[in-house]
Structures are given as C-alpha cells and as structure tokens.
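These notes are about the structure you will find just below.
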Amino acid sequence: MNDVQKRAWEAYSGRWLVERDQLSPARAGHAADPAVPDSPPVEIDQMTLFGRVAPLVIEIGPGMGDATAAMASARPEINLLAIEVYKPGIAQTFSHLARLGVTNVRVLRADAAEVMRNVVIPDSLAELWLFFPDPWRKRKHHKRRIVTPEFADLVASRLQSGGSWYLATDWEDYARQMLRVVSACESLSNPYAASGGWAPRAPFRPETRFEKRGLGAERAIFDLHLVRR
C-alpha cells in the first residue's frame, strides 16, 4: 500500500471493513461451516453492519473505489456492501469514502461467489452491481470469468422480485458471453431485449477508471440491466 492507503486503512478499517469471519454461520449461532460449499446462507445483519436497515445492494469488485464512493454518495437511501479481496484497493476505497463523506458503504474482504452462495439469503438483495469484472482475456482463462449460467442462477435467486442486476464491460467477447448467459436465465428479464439487449449506462454509474482505459483503447462499452421476475 502507498502512504495514502496506509493512512486510510489505519483510520477507517475499524469502521468500514468487514472480514469474512464476521459473517460466519458458526459465530452467528448456526451449525453450518462457511468453508463448506452450499452451507445454509445466513442473513446479513444490517443493523450491526450499517446501523440501519435499508435496501441492500452488493457491488462485486469495486477496484480502487472511486466509482463506488460516487455511486453510494448519489444513492444515500441504500446500504452498499462492496466485496473486494485486494487490500490496497480496499484502503483506497476508504480514502474515497472519507473524501466524499460517504457513510452507507461497508467493504467485505472475501471471495464474492462464496459470499453469494453462503452468506446472502434468497430474495434479499435490491440490486447487484458487477462493473468491469476481470475479462480473463486469454481463451484458456475464460473459464475463470465470473458470469456463468450457474452464477446467473445464483444472482437471480438472491435478488428480490423486481430487483436489478447491473453489469458493464469493455470487452466485446465477454459482453456477448454475458448477454447469452443472462438471456438464458429464466428467472431474469431484460427490459431491453427487444432492442438487442444492451442497456444504457446505469443512471447512477459514473465513468470508471476501467471504462476510461477501454475508451482510450477504442473499445466500446457494453451495459446490461436485468430484472428478477
């Protein structure tokens, strides 16, 4: 971490960081082991994490957190749980949150897919955000991409009826894979299906660092917006 990140980590991790074991079923009084795949999900205690109950939104992979802070600032009515594994990115996110005076975000250091399976209960999320995930550009690495039929089914099961899943990428082949996957998920509907399936930019999403990089390389930006049936 650089000096700014170190200072932010020291100042704010006690307030805004959530470690995976804080959400452990064992610590919550459940018999299930969070390390065991498909153990029973445990409801996220919003009062403990946020000090209030509000529409719950999860962002997977906030990166360095500049967009996350801006989006949370624009949406003060939500509780945003951002899931990230990269410690310098988490620290930088804290710095952006502090600069904007944002208080409705907590950052969970964990594997997002595992959390979605074992922590998030069905029908509990108002929204899920997945903006510019790792495209795993080499063909032999495509199997590592997070958007798969199994993951789409998982997301759909965790969204409330009418809840939204927002996605964006600047890699066309990944975008088309995403579109095929979400179009095949029977529990999700695409409000833009009649016009090709691509959505306009989510109104709350600013231009991210990854987006600027993609545009600088003359790549198109592809957005998707799915709604739980």
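The values are calculated or read from the model by the stated rules, or taken from the named source; none is laboratory data. Just so you know, these numbers come straight off a predicted model, no measurement behind them. Here the Cβ is made from the backbone with ideal geometry for all residues, glycine too, and neighbour counts use every protein chain on show.
Tabulated values for the structure
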item: Selected residue (only one of G65, G61 is in contact with a Gly (Cβ under 7 Å, 6 or more places away or on another chain) and at pLDDT 95 or above); result: G65
item: Yes/no for A156 being assigned to a strand (DSSP E or B) and farther than 30 Å from G216 by Cβ; result: no
item: Single residue of the stretch 186-211 satisfying the filter (surrounded by fewer than 12 Cβ atoms within 10 Å (Cβ to Cβ) and over 18 Å from V155 (Cβ atoms)) that is nearest to the chain's Cα centre (by Cα); result: P203
item: Top-ranked residue in the stretch 120-139 [being closer than 23 Å to R213 by Cβ and among the hydrophobic types (A, V, I, L, M, F, W, C); ranked as farthest from the chain's Cα centre (by Cα)]; result: W136
item: Single residue of S157, S164 found to be surrounded by 15 or more Cβ atoms within 10 Å (Cβ to Cβ), closer than 20 Å to A67 by Cβ and modelled with pLDDT of 95 or more; result: S164
item: Any hit, the stretch 68-88, residues being assigned to a helix (DSSP H, G or I) and aromatic (F, W, Y); result: no
item: Residue within the stretch 168-182 that is among the hydroxyl-bearing types (S, T, Y), in contact (Cβ under 8 Å) with a residue 60 or more places away in the chain, crowded, with 18+ Cβ neighbours inside 10 Å and not in a helix (DSSP H, G or I) present; result: no
